[in-house]
Amino acid sequence: MISPHYTVFGVFDVYRRTRQAGIEKNVSAFIGGYFILLWRSKQRMKKLAIVILAVAAAGIALFAALFHETSAPQATFVSLSGEQITTQSLRGKVVVVNFWATDCAICIKEMPELVRTYNKYHAQGLGFVAVAMQHDPPNYVINYAEKNALPFTVALDPVGALAQAFGGVRATPTAFVIDRRGNIVRKIVGEPDFARLHELIEAKLKEAV
């Protein structure tokens, strides 16, 4: 980068001094070279500015993608008892929708902690729906839910419509945290950090509808 004191006035000062010293030869070439150098420097700075703006734009887009709140889809859960529950009817609650399967080792491992989470916050307004994936045999799901006395709603997804409605869920477990206004505020793939999950639930429970 050219030093700030190399201004146009500085160039002409150099020219004046060279004339006084009697060494005018090649001064014109010197001045021409200076302006070429200045022009190239400005071009490099423009390119650098474009790169910086591109990186900043990508960062903003990534931030928006990670933290942007989107509305939960219009969906209907059918519980093992036949009760129909819509996402619209859950407005006013903080809701965790968890996609799982009986053949998913992580799902089974985390289930006791999910039960504790539900029991801890249910009275404060936490709703919970455990959606069994399409491939999971209904009798397996029913047996597991009854054997483990799951206290929250367990729903089947026989044609995969619920998984598709929530963005094409394939991996299990995948959980969505929905706030009181019906916005998805967090998607969690894999076993969650339960301390952070509890912090999020508590923060959303404190929010007004």
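Quick notes
- Lone unmet requirement of (1) open to solvent by 50 Å² or more (accessible area, probe 1.4 Å); (2) closer than 18 Å to Val95 by Cβ for Lys204: (1)
- Matching residues, the stretch 103-125, being open to solvent by 10 Å² or more (accessible area, probe 1.4 Å) and of a type in the set (A, V, I, L, M): Ala105, Ile106, Ile108, Val115, Ala123
- Scanning the stretch 67-89 for residues that are part of a strand (DSSP E or B), surrounded by 15 or more Cβ atoms within 10 Å (Cβ to Cβ) and not β-branched (Val, Ile, Thr) yields Phe77, Ser79.
- Among the residues here, Tyr140 qualifies as open to solvent by 80 Å² or more (accessible area, probe 1.4 Å), farther than 14 Å from Gly182 by Cα, at pLDDT 95 or above and aromatic (Phe, Trp, Tyr).
- Residue check: Asn148 meets all listed conditions (1) out of contact with any His (no Cβ under 8 Å at 6 or more places or on another chain); (2) over 15 Å from Leu80 (Cα atoms) but one, namely (2).
- From the list Val154, Val209, the one residue that fits, being within 21 Å of Thr87 (Cβ to Cβ), surrounded by fewer than 13 Cβ atoms within 10 Å (Cβ to Cβ) and in contact (Cβ under 8 Å) with a residue 24 or more places away in the chain, is Val209.
- Within the stretch 90-102, considering residues that are part of a loop (DSSP other than H, G, I, E, B) and in contact with a helix residue (DSSP H, G or I) (Cβ under 8 Å, 6 or more places away or on another chain), the one surrounded by the most Cβ atoms within 10 Å (Cβ to Cβ): Ala101
- Matching residues, the stretch 111-143, being touching a Gly at 6+ places or on another chain (Cβ under 9 Å) and touching a residue at least 40 places away in the same chain (Cβ under 8 Å): Gly125
- All of Phe176, Phe128 fail the test of being touching a Lys or Arg at 6+ places or on another chain (Cβ under 8 Å), surrounded by 19 or more Cβ atoms within 10 Å (Cβ to Cβ) and either under 18 Å from Lys93 (Cα atoms) or among the charged types (D, E, K, R) (or both), apart from Phe176.
- The one condition in (1) of a type outside the set (S, T, N, Q); (2) within 18 Å of the chain's Cα centre (by Cα); (3) surrounded by fewer than 22 Cβ atoms within 10 Å (Cβ to Cβ) that Ala161 fails to fulfil: (2)
The values are calculated or read from the model by the stated rules, or taken from the named source; none is laboratory data. On a predicted model such as this, the values are computed, not experimentally measured, just so you know. Every residue, glycine among them, receives a Cβ derived from its backbone with ideal geometry; neighbour counts consider all protein chains shown. Just the protein is used for accessible areas: all its heavy atoms, side chains included, with ligands, DNA and RNA removed. Shrake-Rupley method; radii C 1.70, N 1.55, O 1.52, S 1.80 Å.
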